[in-house]
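The values are calculated or read from the model by the stated rules, or taken from the named source; none is laboratory data. Fair warning: this is a prediction, and the values are worked out from it, not measured in the lab. Cβ sites come from the backbone with ideal geometry, for glycine too, and all protein chains shown count toward neighbours. Accessible surface areas use protein heavy atoms only, side chains included; no ligands, DNA or RNA. Shrake-Rupley method; radii C 1.70, N 1.55, O 1.52, S 1.80 Å.
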Amino acid sequence: MKSGFYLKFFLAGIFGLFFSASASFLKASLSERPVQYDLKVELFPETRMIKAEETIIWTNQTMDYVPDLQLHLYWNAFKNEKSTLAKEARREKLFSRYRVKKDEWGWIKITSLTTDSGQDLMPAASFISPDEPPNPDDQTVLRILLPEPVAPGQSITLKLEFQARIPGNGLRTGYYQDGFFISQWYPKPGVYEEGKGWNCHEYHLNSEFFADFADFRVQITIPDRMVVGACGEEVEKIEDKINGKTTYTYIQQNIHDFAWTASPRFLKIERWFKAEDEVSPEEYQKMSELLGLPVEEIKLPDVKMILLIEKQHRAQIERHFQALRAAIKYYGLWYGPYPYRTITMVDPPFRTGSGGMEYPTFFTAGTSILLEKDVLSPEGVIIHEFGHGYWYGMVASNEFEEAWLDEGINTYSTGKVSEIAYGPGRLPLRFNCLPLGWLVKLPAVYDWQLGRVLSGTVAKLDPIVTESWKFYNSLSYSLNVYYRAATCLHTLERLLGETTWARIMRTYHMRYRFKQPKTEDFLKVVNEISGKDLSWFFDQFFFQAKDFDCAIGLVESREKPEKYQGVFDNLPTGSNSQPQADSNQKNEKGKIFETMITLRRYGEARPGPGVTLKLKVEFEDGSLEWREWDGQSRWVRFFFEKPAKLKTAVLDPEGIWLVDSNFANNS
């Protein structure tokens with residue numbers, strides 16, 4: 001472009017009205033969302049610094065009078081070894097996702113904090129430690145005492161200036177050489193809960209985030225050699241040829257976070273998800289029947305797909321788009337149409353610690369130069385991170401306190417999409433990032449199979465519903481909120497049936513889209529749609545750390561004797577004291593076989609009222625017998641007399657109880 005030429009393009013309709021100027025933007029939807037942001041940030045790559053101005057309008061949508069504000073300053077978690085995150089990382093014995101690098105500290109510092117009338121609030125600001133155990137050295141939560149409480153329905157405007165040092169590898173954010181990924185970078189209010197106060201947790205090692213839905217307008221200034229990507233839609237681009245800088249403006253309504261990235265090594269490719277090309281009329285009709293909804297309510301919109309991929313990975317462009325199209329299609333059909341106009345996926349800059357992470361309308365994947373066709377990478381992570389846009393982005397549960405509502409539901413959803421789009425994927429085997437599939441081929445499995453095996457190891461360690469920083473360690477956190485939660489959902493699906501479960505998931509998502517539900521809300525939907533009380537299931541498998549292990553404990557099958565030894569009197573017993581085998585039941589050799597099968601319940605968890613486990617018994621003559629057990633006692637015995645020996649006995653032959661931690665003792 002020529003020097004001094006300004007490339008400006010604005011969205012039509014309501015966006016043009018909202019964002020023609022900062023002031024009109026900030027006043028546009030105060031009645032709809034509690035927070036509006038206007039941010040101007042500049043990146044200084046040489047010093048790995050950002051400097052920014054921020055305007056926050058916070059509206060009190062409760063009936064409380066609110067005397068203070070609490071802000072997250074997440075990057076102070078990387079400031080020193082005394083932060084809560086750093087202390088928790090040092091306690092990890094098996095592995096740690098974060099290791100302090102003394103030459104790569106990151107931090108954020110507010111240099112100016114005033115009301116819109118110019119009143120200085122810096123003297124009224126102090127760091128607090130709201131979580132247990134308290135850490136007075138942590139500086140990730142800032143409390144601001146206000147000149148006067150914010151009354152119900154009233155708003156307060158904050159004007160901030162801040163600067164921040166980008167951490168080297170700050171868990172989801174960082175830099176490497178001239179590549180940057182910037183997330184959780186700006187002062188952000190917590191969530192005010194009526195009657196309870198601020199929900200504003202410290203930045204923990206094993207937690208993600210929780211925030212109110214908001215409207216964003218963000219201006220990002222970077223060196224003009226760089227390619228940028230961000231949440232929302234790019235609506236303006238201004239080039240400053242004299243100073244070698246470019247300023248991009250992004251806007252987005254109804255999201256609760258904003259992240260961005262910049263690197264000179266990105267290729268930017270745009271494609272369209274065209275619903276009429278991706279979904280056939282037959283597929284719409286099938287989903288209509290499954291969900292009990294009219295076809296018009298299920299139809300998907302077109303979506304602009306944007307890919308930022310490192311140049312050395314250009315050969316993988318089609319693999320990225322194919323996976324994203326599958327994710328948009330099936331998440332949309334099953335749970336509800338994608339409501340935003342764009343989705344941006346990023347192959348993040350190398351060694352920035354930002355791969356595999358989600359933000360509204362924007363997510364990172366991660367790949368390598370050498371890939372294998374039958375290993376679903378990067379496909380799996382693309383589907384998963386897009387899916388977070390549904391279970392974290394739109395249904396915005398509290399990831400600090402109930403991480404499974406995002407991670408577990410999305411792990412379940414990812415597996416369903418991968419299964420229908422790709423089938424089973426072979427487990428990867430790598431050494432120093434080099435694939436070894438040509439040497440050793442591991443088996444191909446579905447996600448639910450792998451998740452079931454992994455999650456059984458932590459069934460008795462922590463409940464799934466546990467505050468994220470209170471899990472035994474990072475491994476228990478990950479296996480519980482991702483895999484054990486997903487395994488529980490797969491079990492519920494098999495207990496309730498495909499149709500009922502599909503309607504539960506659709507109802508839950510659409511009912512709580514752009515809301516902040518809790519586990520109790522999910523349970524209410526399950527009970528409502530199924531017409532059953534599944535409280536027993538959640539009590540045992542989500543709120544308690546109980547193991548489910550029902551097994552075949554003992555099997556005996558022997559020939560029944562013609563006569564029994566011993567002394568028999570002639571007193572009447574209602575039957576012959578020396579019972580004879582019914583000749584009609586004998587085999588051609590005149591034999592009858594007695595079979596005894598003992599079932600055991602080794603785990604503490606048990607089926608709920610009206611729910612049973614099935615036992616399938618097959619004999620050598622091909623005959624079948626079925627029995628049911630409610631699993632309430634520690635054991636039960638079943639007896640059979642047949643003209644054939646036992647061939648096989650299988651407990652739960654339909655594989656309904658995926659939460660069973662030991663399938664090996666089921667047959």
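So here's what we get for this one:
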quantity	calculated
The listed residue being farther than 28 Å from VAL41 by Cα, hydrophobic (A, V, I, L, M, F, W, C) and surrounded by fewer than 16 Cβ atoms within 10 Å (Cβ to Cβ), out of ALA89, ALA151, ALA124	ALA151
Which listed residue is among the basic types (Lys, Arg), under 25 Å from the mean Cα position of the chain (by Cα) and closer than 29 Å to SER368 by Cα, from ARG271, ARG319, ARG314	ARG319
Filter result (open to solvent by less than 10 Å² (accessible area, probe 1.4 Å) and either free of Cβ contacts under 8 Å to residues at least 12 places away in the same chain or not hydrophobic (A, V, I, L, M, F, W, C) (or both)) within segment 488-523	THR491, TRP501, TYR508, HIS509, PRO517, THR519
Every pair of residues 6+ apart whose Cβ atoms lie under 8 Å, when the first sits in segment 70-84 and is touching a residue at least 12 places away in the same chain (Cβ under 8 Å) and open to solvent by 10 Å² or more (accessible area, probe 1.4 Å) while the second is of a type in the set (Val, Ile, Thr) and not in a loop (DSSP other than H, G, I, E, B)	GLN70/VAL141; GLN70/ILE144
Criterion violated by ARG558 - all others in (1) modelled with pLDDT under 90; (2) open to solvent by 90 Å² or more (accessible area, probe 1.4 Å) satisfied	(1)
Cβ pairs under 8 Å, 6+ apart, first in segment 326-341 and within 17 Å of GLY232 (Cα to Cα), second aromatic (Phe, Trp, Tyr)	ILE328/PHE273; ILE328/TYR338; ILE328/PHE386; TYR338/TYR331
Residue list for segment 345-366, restricted to those being part of a loop (DSSP other than H, G, I, E, B) and not charged (D, E, K, R)	PRO348, PRO349, PHE350, THR352, GLY353, SER354, GLY355, GLY356, PRO360, THR361, ALA365, GLY366
Hey, GLU654 open to solvent by 30 Å² or more (accessible area, probe 1.4 Å), in a strand (DSSP E or B) and among the acidic types (Asp, Glu) or not	no
Qualifying positions in segment 33-69 - of a type in the set (D, E, K, R), in contact (Cβ under 8 Å) with a residue 12 or more places away in the chain and open to solvent by 40 Å² or more (accessible area, probe 1.4 Å)	LYS40, GLU42, LYS51, GLU53
Of the criteria (1) assigned to a helix (DSSP H, G or I); (2) surrounded by fewer than 16 Cβ atoms within 10 Å (Cβ to Cβ), which one LYS460 fails	(1)
Meets criteria (assigned to a loop (DSSP other than H, G, I, E, B) and modelled with pLDDT under 80) for PRO579	yes
Test: residue in segment 342-355 that is charged (D, E, K, R), free of Cβ contacts under 8 Å to residues at least 12 places away in the same chain and either over 20 Å from PHE273 (Cβ atoms) or touching a helix residue (DSSP H, G or I) at 6+ places or on another chain (Cβ under 7 Å) (or both)	no
Check on VAL481, in contact with a helix residue (DSSP H, G or I) (Cβ under 9 Å, 6 or more places away or on another chain), free of Cβ contacts under 8 Å to residues at least 40 places away in the same chain and under 29 Å from GLU92 (Cα atoms)	no
Filter result (closer than 20 Å to LYS563 by Cβ, touching a helix residue (DSSP H, G or I) at 6+ places or on another chain (Cβ under 8 Å) and open to solvent by 70 Å² or more (accessible area, probe 1.4 Å)) within segment 585-643	GLU641
Strands (runs of 3 or more DSSP E) lying entirely in segment 137-214 (those with 3 or more residues that are more than 24 Å from ASP103 (Cα to Cα))	141-150, 155-165, 191-193, 197-199
Which numbered condition ARG452 fails, given (1) under 17 Å from the mean Cα position of the chain (by Cα); (2) open to solvent by 50 Å² or more (accessible area, probe 1.4 Å); (3) not aromatic (Phe, Trp, Tyr)	(2)
Looking only at segment 93-117, and only at residues there that are open to solvent by less than 60 Å² (accessible area, probe 1.4 Å) and out of contact with any Phe, Trp or Tyr (no Cβ under 9 Å at 6 or more places or on another chain), the one that is nearest to ARG48 (Cα to Cα)	SER96
Subset of segment 225-251 (residues that are within 20 Å of GLU270 (Cβ to Cβ) and of a type outside the set (A, V, I, L, M, F, W, C))	GLY229, GLY232, GLU233, GLU234, GLU236, LYS237, GLU239, THR246, TYR248, THR249, TYR250
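Conditions tested, residue by residue: (1) within 9 Å of the chain's Cα centre (by Cα); (2) of a type in the set (Gly, Ala, Ser); (3) modelled with pLDDT of 90 or more; (4) assigned to a loop (DSSP other than H, G, I, E, B).
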| site | (1), (2), (3), (4) |
| --- | --- |
| GLY393 | no, yes, yes, no |
| PHE400 | no, no, yes, yes |
| ILE409 | yes, no, yes, no |
| GLY415 | no, yes, yes, no |
| ALA421 | no, yes, yes, no |
| TRP438 | no, no, no, yes |
| LYS441 | no, no, no, yes |
